[in-house]
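A short worksheet on the structure shown next.
The values are calculated or read from the model by the stated rules, or taken from the named source; none is laboratory data. Keep in mind the model is a prediction, meaning the values are calculated, not measured. We place every Cβ from the backbone using ideal geometry, glycine too, and count neighbours over all the protein chains shown. Remember, those area values only see protein heavy atoms, side chains included, never the ligands or the DNA or RNA. Shrake-Rupley method; radii C 1.70, N 1.55, O 1.52, S 1.80 Å.
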Amino acid sequence: MRLALFDLDNTLLGGDSDHAWGDWLCARGILDGVAYKARNDAFYQDYLAGRLDIADYLNFSLEILGRTEMEQLQRWHAEFMAECIEPIILEKGVELLARHRDAGERVVIITATNRFVTEPIARRLGVETLLATECEMADGRYTGRTTDVPCFREGKVTRLARWLAENQLDLSDSSFYSDSMNDLPLLEQVTRPVAVDPDPTLRAEAERRGWPIISLR
């Protein structure tokens with residue numbers, strides 16, 4: 001089966017859902033609008049520069065999940081979707097997903113952002129298969145910790161390899177769309193890597209390797 005893999009943030013979305021979630025919580029006064037936002041912004045700059053410590057970031061960003069009831073989190077997320085995510089869903093991205101689905105391909109979103117943030121987004125985009133960084137749960141609520149291999153950089157390759165084995169699939173006929181140099185490890189694995197509105201490092205690498213470069217904006 002042909003596979004079409006998609007990064008989410010700054011690829012199918014015209015922004016970063018993980019960073020936007022932190023900003024939304026700050027704007028609502030749920031988190032400290034000065035101290036938390038400063039750290040959130042610093043982590044995002046580290047991500048863009050390719051030097052993010054994913055463990056430190058997850059300890060920071062998932063803490064709010066561990067101290068909030070599920071019903072409240074779901075209400076917040078519904079408001080976040082309406083206010084922050086709907087405006088940055090890229091219509092060309094939606095159309096690209098549809099073309100791959102219509103061609104009979106298995107469509108997968110694979111993202112470093114955690115499942116709490118991204119699962120409703122994937123559902124909104126009509127994508128059933130989501131590989132994301134996992135949030136630990138106990139007794140029906142989040143613990144504030146991550147579990148499993150973070151779906152980030154080489155971790156995306158690890159998580160995807162496991163999913164492929166579980167579903168008796170392979171990458172022999174596969175595409176992967178991404179904006180980020182952090183996704184180079186997975187872009188190198190597929191048969192059709194595509195750089196989407198890429199960051200400068202990925203753009204240079206795509207040009208060097210002759211990979212297609214497209215814009216969904």
Averaged per residue, what accessible surface does the chain expose to a 1.4 Å probe, in Å²? 46 Å²
Computed [θ] at 222 nm, helices only, for the chain once each DSSP H run of length n ≥ 4 contributes -39500 (n - 2.57): -13000 deg cm²/dmol
For residue 71 and residue 129, calculate 0.36 nm times their separation in residues minus their Cα-Cα distance, and state this gained length in nm to one decimal. 18.5 nm
The correct ranking of 85, 54 by accessible area at 1.4 Å, largest first, is 54, 85
Please identify which residues in segment 132-173 have an amide N closer than 19 Å to a label point set 7 Å out from the Cα of residue 63, following the Cα→Cβ vector. 135-137, 142-147
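With the contact rule set at Cα under 8 Å and sequence spacing of 6 or more, what percent relative contact order holds for segment 3-214?
Relative CO of segment 3-214 lands at 24 percent.
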Which one, 108, 117, 94, has the greatest fluctuation when you compute a Gaussian network model over the chain with C-alpha springs under 10 angstrom? 94
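Leaving ligands, DNA and RNA out of it, report the carbon-plus-sulfur percent of the accessible area of segment 109-187 at a 1.4 Å probe.
Carbon and sulfur together cover 46 percent of it.
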